[in-house]
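Following: one structure in C-alpha cells, then a few remarks.
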Amino acid sequence: MRITVKARSGASEFDCEPGEKILHAGLRSGFALPYECGTGTCGTCKATLVSGRVESEWPEAPGGRYLKSPAELLMCQCLAREDCALEVGVLKTREAGAPLPGALHGHVRGWRRLTHDVVSFDVTLDRPLDFDAGQFALLSVPGIAGARAYSMVNFERAARRLSFVVKKKPGGTVSEWLFGDGVEGTRLGLFAPVGHATFHPGLQKHVLCIAGGSGIAGMMSILQCAGEAGHFAGWDGHVFFGVRSARDGFFLDELHALQARDPARLAVTIALSDEDVPASLPAAYPGLAFARGLVHAVAGERMKGRFADVRAYVAGPPPMVDASLRLLLREARLSPADIRYDKFS
C-alpha cells in the first residue's frame, strides 16, 4: 500500500507492507514521522485519515484518549488496508547518519533479578543491529496486545545482543509476564532502533544524565559510549540516579566502575527519595556520592551554576521527567535542543 503523509512543513510518501504499522513503515523508509513512545500511550503519532482505510491492532491503546474524532488515528497502532492519505501536525528532518529502524526477532536469554521489582535480560537477535547510544526498542510478546518500549542498556555496533532492564508495574501485562515463569528462551518481535535521546561521539558539551528507576537503562548505554569515545577526557559528566531506598538500588557496581575509569571528570550521585542514606552505601561505593531527596531536586541543587555548555538526558517515570524538564527549562534555562528525554508510562 502507498501512504502519503502531509503536514504544514512538507509531505512524504512511502510503501507500507501488509501487516506493517504505518509508523514503522514511515520510519524504516527514512521519514521522521512524529512519535515519542511508539507504544500507543502518548498520542504523539496522532494523524488524521484523509482517504483510504486503516485498522487498529490495539483499539484499546491508552493513547486513544487523545483522539478527538473518528478520522483520527495512532500511526503506531494502525495497519493500512488500502492506499491512504494522512495529515499530521509536523514532519521533521531526519537526523543525518541515524540508523534506520526495522523489524526483527530475538530470544530472551540471561533473565535475572536485580532487585525485588527489577529484572534484567538480554535478547539475542536474528541479525545484527546498529543503534545509537540512548535509543530504545519496541518489544512484542506473543499473545499480548501492543508493543512495549525498553531502552538498551548496552552499546555496540552491529549488535547481536541487546540488554534491557524492566521494573515491575502492578497490573502491567508485559511486566507481570517478565516476572513469571517460562520467560527464558521466548521468541520476541522487535522494532528497533527508535528514540531521540541519543548521544553521539564528538558532542562538544558536558553531559548531564537524570534518571529515575529503570530510566537508568539508556543512560548506561550513553555512559558506555561516551567513556569508550574518550568524551570525559575533555568534558564533564554528571549522573543523577534516583531510587526510593537502598534496597531499590541496582547498577551501582557498574556505575562505580564507570566513575573509576574517569574519576576527574565523571561524577555519579545516587538519590534516595524515601529514606536517609545508610552508612553502608558510601562505604561500599566510595567513588559515588549519595543524597536524600527527589532526583530532580538533588540534581538542581548540585548543578547550580554549572549548566553552561550542557547536553541533558532525562528518563524515568512521567512525573519525574516532567519535574526534571521544568528544572532544565525554567531554572537552568537550557535550550530545548540541549534536552533529550524519554517518558515511558
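The values are calculated or read from the model by the stated rules, or taken from the named source; none is laboratory data. Please read these numbers as outputs of a predicted model, since none were measured by experiment. Here the Cβ is made from the backbone with ideal geometry for all residues, glycine too, and neighbour counts use every protein chain on show. Calculation scope for accessible area: heavy atoms of the full protein, side chains included, ligands and nucleic acids excluded. Shrake-Rupley method; radii C 1.70, N 1.55, O 1.52, S 1.80 Å.
Along the Cα→Cβ direction, 7 angstrom out, place labels at A71 and H116. What is the inter-label distance in nm?
5.3 nm
Rounded, prolate or oblate for segment 98-245? Axes are the square roots of the Cα gyration tensor eigenvalues, ordered a ≥ b ≥ c, and the cut-off for rounded is a/c under 1.5.
oblate
Would you work out what percent of the accessible area of the chain, with all protein chains in place, is carbon or sulfur (probe 1.4 Å)?
Carbon and sulfur atoms account for 51 percent of the accessible area of the chain.
Put a dot 7 Å past each Cα toward the Cβ at R161 and A96; how far apart are the dots in nm?
Between A96 and R161, the simple spin-label model gives 3.5 nm.
Starting from the Cα of K168, draw a straight line to each of the lysines and keep only those under 21 Å, dropping any in the same chain fewer than 8 residues away.
Once the sequence-local lysines are set aside, what remains near K168 is K343.
PRE reach from D276 (point 7 Å along Cα→Cβ): which of segment 291-335 fall under 14 Å by backbone N?
Inside the label zone: 291-293.
Output the peptides 198-204, 126-132 sorted from most to least packed, where packing is the average of other Cβ atoms within 10 Å over each peptide's residues.
Result, highest mean Cβ count within 10 Å first: 126-132, 198-204.
Ignoring everything except DSSP H segments at least 4 long, calculate the 222 nm mean residue ellipticity for the chain; use -39,500 (n - 2.57) per segment, divide by total residues, nearest 500.
Values: 7 runs with 58 residues, N = 345.
Theoretical 222 nm ellipticity from helices: -4500 deg cm²/dmol.
Lys and Arg at +1, Asp and Glu at -1: add these up for the other residues within a Cβ distance under 12 Å of L23 and post the number.
After counting each charged neighbour, the total is 0.
Under 1.5 on a/c is rounded, so check that first for segment 180-260, then, if it is not, pick prolate when a/b is larger than b/c and oblate when it is not; a ≥ b ≥ c are the square roots of the alpha carbon gyration tensor eigenvalues. Intermediate values should be presented prior to the final figure.
On the way: a/c = 2.22, a/b = 1.38, b/c = 1.61.
Verdict is oblate for segment 180-260.
If you place +1 on the Cβ of every Lys and Arg, -1 on the Cβ of every Asp and Glu, and leave all else neutral, what size is the dipole of the chain about its Cα centre, to the nearest 20 Debye?
Using only the charged Cβ atoms, the result is roughly 480 debye.
Rounded, prolate or oblate: which fits segment 186-345, taking a ≥ b ≥ c as square roots of the Cα gyration tensor eigenvalues, rounded meaning a/c under 1.5, else prolate when a/b beats b/c? All intermediate terms of the calculation are to be shown ahead of the outcome.
Values: a/c = 1.18, a/b = 1.12, b/c = 1.06.
Here segment 186-345 falls in the rounded category.
Mind putting a number on the dipole of segment 1-125 about its Cα centre? Charges go on the C-beta only, +1 for Lys and Arg and -1 for Asp and Glu, and I need it in Debye to the nearest 20.
The calculated dipole for segment 1-125 is roughly 280 debye.
Report the label-to-label distance for E176 and R265 in nanometres (one decimal), using points 7 Å from each Cα along the Cα→Cβ vector.
For the pair E176/R265, the computed spacing is 4.8 nm.
Please state the relative contact order of segment 154-221 as a whole percent: Cα pairs under 8 Å, 6+ residues apart?
Across segment 154-221, relative contact order equals 40 percent.
Under 19 Å from the 7 Å Cα→Cβ point of S51, by amide nitrogen: which residues of segment 83-97?
Counting backbone N atoms under 19 Å from the label point, the list is 83-88.
Over the chain, calculate the relative contact order: mean separation of alpha carbon pairs under 8 Å at least 6 apart, over the residue count, as a percent.
It comes to 14 percent, rounded to a whole number.
Could you tell me the accessible area of D253 in Å² (1.4 Å probe, neighbours in place), rounded to the nearest ten?
100 Å²
Please give the solvent-accessible surface of H105 in Å², to the nearest 10, using a probe radius of 1.4 Å with every protein chain present.
Approximately 70 Å² of H105 is accessible to the 1.4 Å probe.
What accessible surface, in Å², does a 1.4 Å probe find on L104, ignoring ligands, DNA and RNA and rounding to the nearest 10?
Probe radius 1.4 Å; accessible area of L104 about 10 Å².
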